[in-house]
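The values are calculated or read from the model by the stated rules, or taken from the named source; none is laboratory data. Here the structure is a predicted model, which means the values were calculated and not measured. Cβ placement follows ideal geometry from the backbone for every residue including glycine, while neighbour counts extend to all protein chains displayed. Just the protein is used for accessible areas: all its heavy atoms, side chains included, with ligands, DNA and RNA removed. Shrake-Rupley method; radii C 1.70, N 1.55, O 1.52, S 1.80 Å.
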Amino acid sequence: THDIRELRSRIMAYLEKKGSVWILFDNLDKGWSTQGVDVIDAIVLRCLIDAGRKIEREMRKGGREFHCLVFVRNDVYDHVMRNSADYGKEMRAVLDWTDTDLLKEMLKLRLVNGMRIAATPPPFEQLWQRICIPIYKGEETSNFFVSCSLMRPRNLLKIFNHCRGFAVNFGHARIEIEDIEKGFKAYSHDLLSELDHELSDVSPSWRNLLYHFIDAPSTMSVVEMKVLLREANIEANDLEKVLDFLLYYGIIGVRTLEADHYIFDVMYDERALKARASRNGEKTNFVINPAFWPALEIRESELPRPV
């Protein structure tokens with residue numbers, strides 16, 4: 001009902017008073033299935049990206065600094081781009097964390113800021129040993145924290161804060177073994193509740209699915225995994241969708257002869273995990289992420305690795 005040209009000119013005149021403008025779109029893909037995006041959703045997302053680029057060009061022609069960013073999951077981006085004629089032309093920045101050293105650096109910067117260290121901060125290892133015991137169950141403690149974070153910065157901060165909270169409450173000078181055990185269990189329950197909400201966003205009928213893993217073995221074959229999902233009232237035609245969700249969010253991984261592989265080990269490319277799983281067919285073994293063991297009271301088991 002308005003003249004677009006007049007509206008645009010008024011906005012550009014107003015932007016003379018601003019240094020730059022940033023428009024951020026987030027959580028558009030919240031609840032979208034990891035099996036692919038609905039056609040209508042993909043069209044809307046493609047139109048949103050194109051509209052953002054068009055506005056950027058028009059504003060920059062008028063000498064205005066203007067940016068439009070859309071945050072989506074990797075699988076959603078790949079799906080939309082595969083169905084676009086100009087695949088590869090969009091500027092893309094990957095925000096996923098796949099390097100443990102970068103996560104430790106993030107934690108170090110938080111610690112330095114919190115401890116108000118004015119001088120040149122010491123190396124991470126020295127700083128870490130001042131606030132936490134170095135070894136837990138035969139593993140370096142900072143590595144243990146990172147391995148249980150699902151490579152998410154907020155999760156790393158959560159588990160650290162839980163452990164630190166118990167250390168403070170018990171009057172410990174630094175985080176001790178019992179603080180890690182109690183903090184890790186509290187974090188595991190938080191993580192379980194959070195991902196159960198994400199799963200119910202994808203499909204409300206899958207609510208509380210993760211709680212059916214209580215008392216399950218840490219390693220399960222394909223047949224055992226499907227039996228457990230069927231006992232959780234998952235329909236046969238939804239089994240693959242649920243498995244994709246569990247793999248994509250790092251709840252389960254694929255066990256091979258060499259190691260256990262999770263989604264963050266393959267740059268969040270689910271196809272790489274599926275390729276490893278397909279090599280052994282029904283003999284494929286899935287392993288539950290240790291971050292969920294305390295909350296689900298997982299029974300540690302050791303199935304033979306595939307040959």
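A few remarks follow.
- Separation in nanometres of the label points that stand 7 Å from Cα toward Cβ, at residue 92 and residue 115: 3.9 nm
- Rounded to the nearest 10 degrees, the angle from helix 239-248 to the longest Cα principal axis of the chain is 90 degrees.
- Length gained on full extension, residue 208 to residue 297: 30.5 nm, using 0.36 nm per residue less the C-alpha separation.
- Solvent-accessible surface of the chain, taken per residue with a 1.4 Å probe and all protein chains present: 57 Å².
- Extending 7 Å from the Cα toward the beta-carbon at both residue 53 and residue 269 defines two label points whose distance is 2.4 nm.
- Length gained on full extension, residue 200 to residue 71: 44.3 nm, using 0.36 nm per residue less the C-alpha separation.
- Listed residue pairs exceeding 20 Å between alpha carbons, taken from 241/274; 226/283; 30/108; 17/54; 18/61: 30/108; 17/54
- The heavy atoms of residue 205 offer some 90 square angstrom of accessible surface to a 1.4 angstrom probe.
- Set of segment 156-174 residues, backbone N closer than 20 Å to the point 7 Å along the Cα-Cβ line of residue 259: 156
- Taking every DSSP beta bridge that has both ends in the chain, the antiparallel portion is near 60%.
- Theoretical FRET efficiency, 1/(1+(r/R0)^6), r = Cβ-Cβ of residue 44 and residue 193, R0 30 Å, to 0.05: 0.50
- Residue-span extension gain [residue 168 to residue 139] - 0.36 nm each, minus C-alpha spacing: 8.1 nm
- A compact globular protein would have a Cα radius of gyration near 2.2 N^0.38 Å; the ratio found for the chain is 1.20.
- Accessible area of residue 241 (1.4 Å probe, protein heavy atoms only, ligands and nucleic acids ignored): about 80 Å².
- Apportionment of accessible area to carbon and sulfur, the chain, percent (1.4 Å): 53 percent
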